[in-house]
Amino acid sequence: MAPAAAPIDDSMPARISPDCPQDVRDVLYHAWAHDVSGLKKLLDVRGKASAQDPTTGETPLHAAIRACGPAETTAATEPHDADDDAAEDGCVEEARETLQELFFSGAIWNDVDANNETPGCVARRLGRKALYDMCVDAGVRAELLFSLMGDYEELSSGSDAGEDDTAEANGNENGDETAAPDAQAEAEDVDMADGDGEDDRKFVPPDANEKTVTSDEYLKSDLTYDADKLLDADLNGVMMAWETDIMRRSVEALIPGAEQGKRILNIGFGMGIIDGMFSALKPSRHHIIEAHPGVLAHIAAEQPGSGSGSSKFGPAWEASGPEDGAYKVHAGRWQEVVPKLLGQGEVYDAIYFDTFGEDYAQLKLFFTEYVTGLMDQEGRFSFFNGLGADRRICYDVYTKVVEMHCADAGMDVEWEESDVDMTALREEGKGEWEGVRRRYWTLDKYRLPICTFMG
């Protein structure tokens, strides 16, 4: 069992450090006191809504939420389930007004503090559901705005994959997935020098030195297969065996009743976990798209039963299809392969998307621009939902964003929530994470998306 985490000191003296610059201190004090009228005057200075204590990382959003303390009806680690604000004490309404003013003034909803908590993380830990929901809504607004601008604030604060990579690699996204930019990405727009000029020190977030995962580097990287994981040269988990239960549930959702003879497209082979399950259903058509040369070499080796070096999807498998081309591994980036499949008139009953190193923009591009032409009218589409999976608030934000973008694409999305066995996943560098650079999954629930055409 993982050791209990050290309790967090939420007191004002612990969160506003003695050497905090006076201009930042003033903003934090007013936010903590929920003094909206006094706060408004301070927020006239650009960037003050996201000012941070250079030592603790406390922002006005953190302070306004933290000042409420824990809700009486909640445990320290779970938000209560109240459906309305009546279940929370009067302090919350004051905090809501303060948060509203801060968000209106440009406060960054997902800045992390020295405890690696966003304001929403603090609200959730304290059981302040109404405040947590405000942070989620702010995240959704920000993400939708970025999408309109053609850019994305990646929400999983563990990685900041380059947003300029428009054609990225196939593999498995695993929370890198749609790997999300670190929670401080927006801070580049905040000019704290516009303050009183007393102190130019900046807070350095806990994950500031986290190496970016990019598609070009991934495609050039040497891969290592073993019995329970696939790693790149930087020890990033491209795919891991603990995901098997998720893959099984995904297959059951995509092909109800394990019906045989379906037409299947999978993007991102990885360890071949889900393709093995699809193959067992004897599909009439089974196409796989994979970009990494190392994975393609692994597939071509075709040595069934020989352990981690085995694959059953090589030339013999392709030749075993019911007709020529029915079973096929397409080598290349999906951005290059999919238009060719569309041109050939290929249509599928089940489509699964699970790539490595791509941001949400690429997933959105796939289901808004290509699924409509690839999927049968009665078909189903799903993807490995590692969107922001190293932080609950990011996971919740992406859930809402996906729903909105699917609706724009003419699809309904249903979420099947299931438990994730965290026994071997709870602690960085141990259990399943031994030998893996970063723990890309931290949540005890998985939301499986099932996307179908409306109507």
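Projected area of the stretch 12-149, taken from the Cα convex hull and averaged over every viewing direction, in nm²?
So the mean shadow area of the Cα hull is 8.4 nm².
Using a 7 Å offset from the Cα along the Cα-to-Cβ direction at both residue 224 and residue 417, what is the distance between the two label points in nm, to one decimal?
Those two pseudo-labels are separated by 3.7 nm.
At 0.36 nm per residue, and after removing the present C-alpha to C-alpha distance, how many nm does the segment from residue 93 to residue 280 gain when stretched out fully?
My answer for the length gained is 61.8 nm.
Take each of the peptides 6-19, 25-38, average the number of other beta-carbon atoms within 10 Å over its residues, and list them starting from the highest.
Result, highest mean Cβ count within 10 Å first: 25-38, 6-19.
Determine the gain in length on full extension of the stretch residue 400-residue 145; use 0.36 nm per residue of separation and subtract their C-alpha separation, reporting nm with one decimal.
Value of the extension gain: 90.4 nm.
Tell me, 145, 223 in order of fewest to most beta-carbon neighbours within 10 Å?
In increasing order of surrounding Cβ atoms, one gets 145, 223.
How much FRET efficiency would the formula 1/(1 + (r/R0)^6) give for residue 241 and residue 44, where r is the Cβ-Cβ distance and R0 is 56 Å, rounded to 0.05?
According to the calculation, E is roughly 0.55.
Got a sec? Charge dipole of the stretch 12-149, +1 on Cβ for Lys and Arg, -1 for Asp and Glu; which of 107, 126, 54 is way out at the positive end?
54
Send over the per residue convex hull volume for the stretch 216-453, Cα only, as a whole number of Å³.
Enclosed volume per residue, from the Cα hull, is 119 Å³.
As a quick test, which of the pairs 48/202; 202/400; 129/229 have an alpha carbon distance above 25 angstrom in this structure?
Listed pairs above 25 Å: 202/400; 129/229.
Tell me, what is the FRET efficiency for residue 297 and residue 209 to the nearest 0.05, using R0 = 30 angstrom and their Cβ-Cβ distance as r?
0.40
Provide 433, 415 in ascending order of the number of other Cβ atoms located within 10 Å of each residue's Cβ, fewest first.
Result, fewest neighbours first: 415, 433.
Separation of the stretch 98-125 and the stretch 309-372 by C-alpha centroid, Å?
When both Cα centres are located, 40 Å separates them.
Work out the FRET efficiency for residue 340 and residue 137 from their Cβ-Cβ distance, taking R0 = 51 Å, and round it to the nearest 0.05.
0.80
Readers should treat all values here as calculations from the given coordinates under stated rules, not as data from a laboratory. In this text the structure is predicted, and so the values were computed from the model without any measurement. Reconstructed Cβ throughout: ideal geometry from the backbone, glycine too, with neighbour counts over all protein chains shown.
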